[in-house]
1. For the structure I just gave you, tell me whether Q113 is of a type outside the set (K, R) and under 21 Å from R71 (Cβ atoms).
2. Given the range 41-112, what helices (runs of 4 or more DSSP H) lie entirely inside it while holding 3 or more residues that are of a type in the set (D, E, K, R)?
3. Could you pull out the residue among G98, G39 that is over 19 Å from K203 (Cα atoms), surrounded by fewer than 17 Cβ atoms within 10 Å (Cβ to Cβ), small (G, A, S) and at pLDDT below 95?
4. Counting only residues that are in contact with a Leu (Cβ under 7 Å, 6 or more places away or on another chain) and of a type in the set (F, W, Y), which one in the range 23-65 is nearest to the ligand (Cβ to nearest atom)?
5. G47 is checked against (1) at pLDDT 95 or above; (2) surrounded by 14 or more Cβ atoms within 10 Å (Cβ to Cβ); (3) within 29 Å of V209 (Cβ to Cβ) and fails just one. What number does that condition carry?
6. If G157 satisfies all but one of (1) modelled with pLDDT under 95; (2) of a type outside the set (S, T, Y); (3) surrounded by fewer than 18 Cβ atoms within 10 Å (Cβ to Cβ), what's the number of the condition it fails?
7. Give the range 66-98 a look and list any residue that's of a type in the set (F, W, Y) and more than 15 Å from the ligand (Cβ to nearest atom), or say none.
8. Would you point out which residue out of N161, N180, N103 is out of contact with any Ser or Thr (no Cβ under 8 Å at 6 or more places or on another chain) and under 21 Å from T66 (Cα atoms)?
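The values are calculated or read from the model by the stated rules, or taken from the named source; none is laboratory data. Every value quoted in this text rests on a predicted model; they were computed, and no experiment measured them. Cβ sites come from the backbone with ideal geometry, for glycine too, and all protein chains shown count toward neighbours.
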Amino acid sequence: MKRLTILIALIIPLFFCTSWGFFAHQRINNLAIFTLPSGMIGFYKKGIKYITEHAVDPDKRRYADTLEAPRHYLDVENYESDIDSIPKKYNDALAKYGLKHLNANGIVPWQIQRTYYNLVKAFKTRDSIKILKYAADLGHYIGDAHVPLHTTNNHNGQLTNQAGIHAFWESRLPELFSTNYNFIVGKAQYIENPLEESWKIVKHTHSLVDSVLTF
Ligand SMILES: [Zn+2]
């Protein structure tokens, strides 16, 4: 009996740890719905449970699909010392670096564009299940593109003697402090060029790597 109690005591935190690791992604997808314009918000509110719960599907797919992992990050330094030297378009980058390099060093800006196109296609065919699926995925990849440690080869602080900082920053800190975060971001803005915007995001995120490591 005592052994069973110990076992349960060990398993329970383990369970919460793995689910809490998904906390931030679910929060981001959930809150994004409330920024949508009036013509869209009705549909998305009906799907809010799906969009929230499935915010973490791309991370779950990493265990089953080896091609999934590079979709979540871009190790900028492994491409160029200056991010602006990386070709913006996927095919140009593919021609310059080769598929093996892309899969090893991440493709998040192009994954955002790809998921956006899938979402547009789902809207055109009025496939509500796919709209929810790709919208949930898109929220995930855009969320990842805002994580500084997803834009550097020092992704877990291993090069600066800070191993473990990745989970600490993206899981533990939001769990502890999200009640103090300011979630008011205003209304969603129409984006003319999603790929250009993806690069803008990644560039800004990458500029914050030093601050994350210093703090
Ligand atoms: Zn991810």
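1. Taking the combined requirement at face value, the residue satisfies it.
2. Working: elements: 48-53, 57-61, 76-79, 90-97, 99-105.
Those helices (runs of 4 or more DSSP H) span 57-61.
3. Going through G98, G39 in turn, just one is over 19 Å from K203 (Cα atoms), surrounded by fewer than 17 Cβ atoms within 10 Å (Cβ to Cβ), small (G, A, S) and at pLDDT below 95: G39.
4. Applying the first criterion (in contact with a Leu (Cβ under 7 Å, 6 or more places away or on another chain)) to the range 23-65 yields 44, 47, 50-51.
Restricting the remaining residues to those that are of a type in the set (F, W, Y) gives 44, 50.
Values: Y44: 21, Y50: 18 Å.
For the range 23-65, the residue satisfying everything is Y50.
5. Only one criterion in (1) at pLDDT 95 or above; (2) surrounded by 14 or more Cβ atoms within 10 Å (Cβ to Cβ); (3) within 29 Å of V209 (Cβ to Cβ) is unmet by G47, namely (3).
6. Answer for G157: the failing condition is (3).
7. Taking the range 66-98 and keeping what is of a type in the set (F, W, Y), we get 73, 79, 90, 97.
Correct list: Y79, Y90, Y97.
8. N103
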